[in-house]
């Protein structure tokens, strides 16, 4: 009983402090909408199940486009992307932080060895012999995590590690979407270039015929001048379109790090069209769709990590309990005589109470609380942004689907109208002004149809990006499983 009382009194401040320790902040709810309010791709929403779909695996979505060159370009871009490399580096950093935070919960063990040689002069004035002292031993130290501060730090590191793995996939999805958009832009540009060159060739032939007719005296010089101006304008437009295609190629070179001649060779051998984009099924409940978003998952993990940081900062304001120990083997040699002896100790069991630090620990706790509130606000904003991106992609898909048939009919009609006007012009029954007006209308319709196809492909890519690109909470990243069950929820 005499030994128990001092220990009880020593631990009394810990018990009192444990009662006063505050709980970390609670989990944050983003409250996503109960249903989508945009129509699904290619149809009207159905009551009770707006999108007639379920969660879709998008990890192989690019292979479903039927364009091997697109898949090759995306793989090359992901392999050299600095953003993907940065995300991979952050995984390694967060993994190291997690290991360090977990190690802080365990006792440390260090080995120490020393050798000394010297003479100690006694007080009597006699000469002491030279002595050699050797020592080798182990020393251990352990901070007992009474208030869970180190556990909270470990949990925060684990949560950030999971979030970093999700962001690695998000970086790959962004690179894939950027590369696909650039590739579709190039394919659309090539189609527009063919239309522009065909239009320029047609106008040049009309200009040649008008010039011959003017020289023969059958056509006014002003009419021939109009034909020449129209041909020059079309040629300039085709030249400008060719330059835009060259810029698209150079952008692909920068994205993929492939050589420009290789890309041009691959483009020449691949079908020169925008591939038929595979459809994506959308989860009927927005919360299910948001579960596929790695950026939303990372924001959620950051909230939980910030909550654990609050607990760790609060624990730093309370007493610390540490335990030390050592074991050593010693040898003392003097005047040809050696003496061996071993020592060991357990303790001290030390208790330290923070009394005055100028408000530093309280300020750290306030800062951690502020970071938690910031992370919660970012998480709610990220959820709203994710819902917005899905809704916008669905609206754009519905809009392009509704306009596609009208654009096709308009292009066919204006094409037939121009063919008729051209026949009338060649037979002297229509003026050059009528012909140019019909040609201009046809060109606008052809350009509008191709631009609409490009816009629809971009909307599908946007939906792929908004749906998380096939990421799930069990998908593996470069360092192993991307996510695991959280060790501690706030």
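The values are calculated or read from the model by the stated rules, or taken from the named source; none is laboratory data. It should be emphasised that the depicted structure is a prediction, and the values quoted were computed from it without experimental measurement. In this analysis, Cβ positions are derived from the backbone assuming ideal geometry, glycine residues included, and neighbour counts consider all displayed protein chains.
One table, with the values for the structure above:
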read-out	value
Selected residue [in contact with a helix residue (DSSP H, G or I) (Cβ under 8 Å, 6 or more places away or on another chain), closer than 30 Å to residue 368 by Cβ, at pLDDT below 90 and surrounded by 15 or more Cβ atoms within 10 Å (Cβ to Cβ)] from 317, 301, 293	293
Which listed residue, of 337, 327, is without any contact (Cβ under 8 Å) to a residue 40 or more places away in the chain, surrounded by fewer than 19 Cβ atoms within 10 Å (Cβ to Cβ) and farther than 30 Å from residue 466 by Cα	337
Condition check for residue 409: in contact (Cβ under 8 Å) with a residue 60 or more places away in the chain, in a helix (DSSP H, G or I) and either surrounded by fewer than 19 Cβ atoms within 10 Å (Cβ to Cβ) or touching a strand residue (DSSP E or B) at 6+ places or on another chain (Cβ under 7 Å) (or both)	no
Subset tally (residues that are within 16 Å of the chain's Cα centre (by Cα) and free of Cβ contacts under 8 Å to residues at least 24 places away in the same chain) for region 83-109	2
Some residue of region 352-363 being buried (at least 16 other Cβ atoms within 10 Å of the Cβ), at pLDDT 90 or above and under 30 Å from residue 300 (Cβ atoms)	yes
Residue among 165, 158 that alone is farther than 25 Å from residue 453 by Cβ and touching a strand residue (DSSP E or B) at 6+ places or on another chain (Cβ under 8 Å)	165
Some residue of region 422-435 being within 30 Å of residue 312 (Cα to Cα) and surrounded by 16 or more Cβ atoms within 10 Å (Cβ to Cβ)	no
Residue that is farthest from residue 236 (Cα to Cα), among those in region 197-207 that are in contact (Cβ under 8 Å) with a residue 12 or more places away in the chain and surrounded by fewer than 18 Cβ atoms within 10 Å (Cβ to Cβ)	204
Selection status of residue 410, closer than 30 Å to residue 231 by Cβ and modelled with pLDDT of 90 or more	yes
Count of region 421-450 residues which are more than 17 Å from residue 205 (Cα to Cα) and over 44 Å from the mean Cα position of the chain (by Cα)	1
Some residue of region 460-469 being in contact (Cβ under 8 Å) with a residue 24 or more places away in the chain, more than 21 Å from residue 197 (Cβ to Cβ) and not in a helix (DSSP H, G or I)	yes
Matching residues in region 210-232 - criterion: being in a helix (DSSP H, G or I) and free of Cβ contacts under 8 Å to residues at least 24 places away in the same chain	211, 212, 213, 214, 215, 221, 222, 224, 225, 228, 229, 232
Tabulated pairs, region 345-372, first within 30 Å of residue 327 (Cα to Cα), second modelled with pLDDT of 90 or more and part of a loop (DSSP other than H, G, I, E, B), C-beta under 6 angstrom, 6+ apart or interchain	351/319; 353/319
Residue count for region 89-99, restricted to those that are within 24 Å of residue 256 (Cα to Cα) and in contact with a helix residue (DSSP H, G or I) (Cβ under 6 Å, 6 or more places away or on another chain)	2
Selection count, region 387-406, where residues are surrounded by 15 or more Cβ atoms within 10 Å (Cβ to Cβ) and either modelled with pLDDT under 90 or within 32 Å of the chain's Cα centre (by Cα) (or both)	13
Region 110-140 - residue that is surrounded by fewer than 10 Cβ atoms within 10 Å (Cβ to Cβ) and within 27 Å of residue 345 (Cα to Cα) and, of those, modelled with the lowest pLDDT	120
Sole exception among (1) assigned to a helix (DSSP H, G or I); (2) in contact with a helix residue (DSSP H, G or I) (Cβ under 9 Å, 6 or more places away or on another chain) for residue 377, by number	(2)
Hey, residue 198 closer than 30 Å to residue 430 by Cβ, more than 41 Å from the chain's Cα centre (by Cα), assigned to a helix (DSSP H, G or I) and at pLDDT 90 or above or not	yes
